[in-house]
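To start, the structure itself, in structure tokens.
The values are calculated or read from the model by the stated rules, or taken from the named source; none is laboratory data. Values in this document were obtained by computation on a predicted structure and should not be read as measured data. Glycine gets a Cβ as well: all are built from the backbone with ideal geometry, and neighbour counts include every protein chain shown. We work out accessible area using only protein heavy atoms, side chains counted, and drop any ligands, DNA or RNA first. Shrake-Rupley method; radii C 1.70, N 1.55, O 1.52, S 1.80 Å.
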Amino acid sequence: MFTKASYWRESFKIAMKRTKAQKAGPSKKAPKSEESRSKPKSDAESNDEEASTSKTSLVSKPDYQNFEQFLTHLEHQRICTAANIQEFPFKKKRVRVLSKSDDVKESSLGGVVYWMSRDGRVQDNWALLFAQRLAFKLELPLSVVFCLVPKFLNATIRHYKFMMGGLQEVEQQCRALDIPFHLLMGPAVEKLPEFVKSKDIGAVVCDFAPLRLPRQWVEDVGKALPKSVPLVQVDAHNVVPLWVASDKQEYAARTIRNKINSKLGEFLSEFPPVVRHPYGTGCKNVNVVDWSAAYASLQCDMEVGEVQWATPGYKGACQQLYEFCSRRLRHFNDKRNDPTADALSGLSPWLHFGHISAQRCALEVQRFRGQHKASADAFCEEAIVRRELADNFCFYNEHYDSLKGLSTWAYQTLDAHRKDKRDPCYSLEELEKSLTYDDLWNSAQLQLVREGKMHGFLRMYWAKKILEWTATPERALEYAILLNDKYSLDGRDPNGYVGCMWSIGGVHDMGWKERAIFGKVRYMNYQGCRRKFDVNAFVMRYGGKVHKK
Ligand SMILES: Cc1cc2nc3c(=O)[nH]c(=O)nc-3n(C[C@H](O)[C@H](O)[C@H](O)COP(=O)(O)OP(=O)(O)OC[C@H]3O[C@@H](n4cnc5c(N)ncnc54)[C@H](O)[C@@H]3O)c2cc1C
């Protein structure tokens, strides 16, 4: 184990070596044989060695003193891990081949393209790393493409600005690495195959999302691509790839926890860097993206405005992670259920848009395990186990956002209490405008509308009250999802669907004492909140009123 001082000395030395190696380009390799010009499939299925956690990630509390040093620390971690992805024992289990064809056309002028969708970042992105690995192996160009649709479900300008802010940074970072970035305006099923044909692309790598619409996009693109162009998918969002963690819908955190935690030794590794790409003409003939035109093309709700507290993109995400690690992590275990305490990471918007990788967050938090063991462990439980459980639910349950997706016991108990009187029974408008008789609920809703976020503990209370106050459980779920997705910066995420389904439909939970409306679904009330935290302080902060029933 390094001491703090020697840690910096050592990582600096290794970093310098790596930088020299990087400047020299990818390492010389044996002349290309038929075998080495490998196809995505054989690559994906080869029996590689386990990717081991880099030695540096075992170092205890790192020695950075400010944000700039934190960024340098991240770069050093990558460079110390490997010079580039070619020199790294990539876990092929992260990849699956979706096309029939697995042969990359070696003479393709356009080389390999990474179709970025869920994971809007350059570094710490296994999908881009895999695309670069493939391009290196075949000595082909590499590019990144994002397809921007003018309207996406009920996403608002709040969400679009955050997402596109992150993509603007992706464009700059790609340019610095000689990797062309293209923003294609329109649905992927139309734009991507056109791009592939016009640029003579040899292979497409995409990232993975478990939700209905992005899965449909991938399926449609797969059908529309020329038969000769392979399409491979990399799970760049989960630490343990979804298809490796479990092959079925899990009942609860307790049934998936060990399946995930037992594989962390294998998958919770450091990342190598995405490096300057040496093949092709780089960005010479690529225009900068016209972001004004991109914004002008949007047809989304413009009423729900941007938020000020969250700066989009990789750097903004790193800043959030840095502040969490250095200031709030120590309180995470004890204070995470207290909405008046500043103890949570606040990382979910960046995680949702893929501006930062959950794996990076877990690696950095783990470095503090020596000082704050309980908090570091609790964070990893949330950011890895609970988050990946949500992906598992949405992937294996096609009804992830409807009561049809509930367990039999939960559906039956809600159905048995369908006719119970709701008093009061609120309309969507009353809920949206924070006009209930409950000042705590109204304050939480005001926070959601103004800031695009709500504390994790209050989210549960908030959704359960919607069940209590709406005519049917179906409507309650619909309203909760609608409000969450419309206002929350991290909305339209598997975590959101599962959060609403947990609160209203007992997903991943168990049966409790039976009561009106809720049946056996867990109940929460105002008095319980009072016992947990200073409700008055929270209400004062957001100004929720008591409105007459
Ligand atoms: C009704 C309801 C709606 C929700 N909607 C969303 C949503 O739209 N988007 C979203 O990302 N999360 C949602 N959650 C889950 C959770 O509340 C948020 O992830 C958390 O509040 C985000 O804040 P944070 O980043 O500070 O979390 P932290 O407590 O700092 O946790 C770190 C990360 O762990 C993950 N995480 C934490 N709690 C959970 C959980 N219960 N389930 C799954 N993953 C978790 C998140 O990725 C989070 O960013 C919802 C929960 C409920 C009950």
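For the range 104-137, a residue qualifies if it is assigned to a loop (DSSP other than H, G, I, E, B), surrounded by fewer than 24 Cβ atoms within 10 Å (Cβ to Cβ) and touching a Pro at 6+ places or on another chain (Cβ under 7 Å), and the qualifying residues are GLY110, SER117, ARG118, GLN123. Applying the criterion of being closer than 17 Å to GLY505 by Cα and of a type in the set (Ser, Thr, Tyr) to the residues of the range 405-450, the residue that is least open to solvent (accessible area, probe 1.4 Å) is THR413.
Give LEU242, LEU213 a once-over and let me know the one that is hydrophobic (A, V, I, L, M, F, W, C) and either in contact with a Gly (Cβ under 6 Å, 6 or more places away or on another chain) or open to solvent by 30 Å² or more (accessible area, probe 1.4 Å) (or both). Just a single option satisfies the conditions, and that option is LEU213.
In the range 451-459, the count of residues that are surrounded by fewer than 23 Cβ atoms within 10 Å (Cβ to Cβ) and more than 11 Å from the ligand (Cβ to nearest atom) is one or more. Set side by side, the residues GLN77, GLN86 differ, and just one is over 24 Å from VAL365 (Cβ atoms), outside any loop (DSSP other than H, G, I, E, B) and either in the same structural domain as PRO273 (by the TED database) or hydroxyl-bearing (Ser, Thr, Tyr) (or both), which is GLN86.
Looking only at residues that are without any contact (Cβ under 8 Å) to a residue 40 or more places away in the chain and within 11 Å of the ligand (Cβ to nearest atom) in the range 477-489, which one is nearest to SER427 (Cα to Cα)? Of everything passing the filter in the range 477-489, ALA480 is nearest to SER427 (Cα to Cα). Of the residues making up the range 465-482, those that are crowded, with 19+ Cβ neighbours inside 10 Å and under 13 Å from ARG422 (Cβ atoms) are LYS465, ILE466, LEU467, GLU468, TRP469, THR470, PRO473, ALA476, TYR479.
Within the range 226-254, residues that are more than 19 Å from ARG118 (Cβ to Cβ) and assigned by the TED database to the domain that holds GLY111 have Cβ atoms under 9 Å from residues that are open to solvent by 20 Å² or more (accessible area, probe 1.4 Å) and among the aliphatic types (A, V, I, L, M) in these pairs: PRO230/VAL97; PRO230/LEU98; ALA252/MET510, counting only partners at least 6 apart in sequence or on another chain. Which one is nearest to GLY499 (Cα to Cα), of the residues in the range 421-444 that are in contact with a Gly (Cβ under 9 Å, 6 or more places away or on another chain) and more than 12 Å from the ligand (Cβ to nearest atom)? Filtering the range 421-444 for residues that are in contact with a Gly (Cβ under 9 Å, 6 or more places away or on another chain) and more than 12 Å from the ligand (Cβ to nearest atom), the one nearest to GLY499 (Cα to Cα) comes out as TRP441. Scanning the range 338-362 for residues that are more than 8 Å from the ligand (Cβ to nearest atom), closer than 18 Å to LYS373 by Cα and not hydrophobic (A, V, I, L, M, F, W, C) yields a count of 2. Residue selection: ARG515 satisfies the criterion of being out of contact with any helix residue (DSSP H, G or I) (no Cβ under 6 Å at 6 or more places or on another chain), more than 16 Å from the ligand (Cβ to nearest atom) and either not acidic (Asp, Glu) or not assigned by the TED database to the domain that holds ARG215 (or both). For ASP334, the requirement of being under 26 Å from ARG531 (Cα atoms) and either surrounded by fewer than 17 Cβ atoms within 10 Å (Cβ to Cβ) or not hydroxyl-bearing (Ser, Thr, Tyr) (or both) is met. Check whether at least one residue in the range 524-539 is modelled with pLDDT of 95 or more, open to solvent by 10 Å² or more (accessible area, probe 1.4 Å) and either closer than 28 Å to MET163 by Cβ or within 14 Å of the ligand (Cβ to nearest atom) (or both), and report yes or no. There is at least one residue in the range 524-539 that is modelled with pLDDT of 95 or more, open to solvent by 10 Å² or more (accessible area, probe 1.4 Å) and either closer than 28 Å to MET163 by Cβ or within 14 Å of the ligand (Cβ to nearest atom) (or both).
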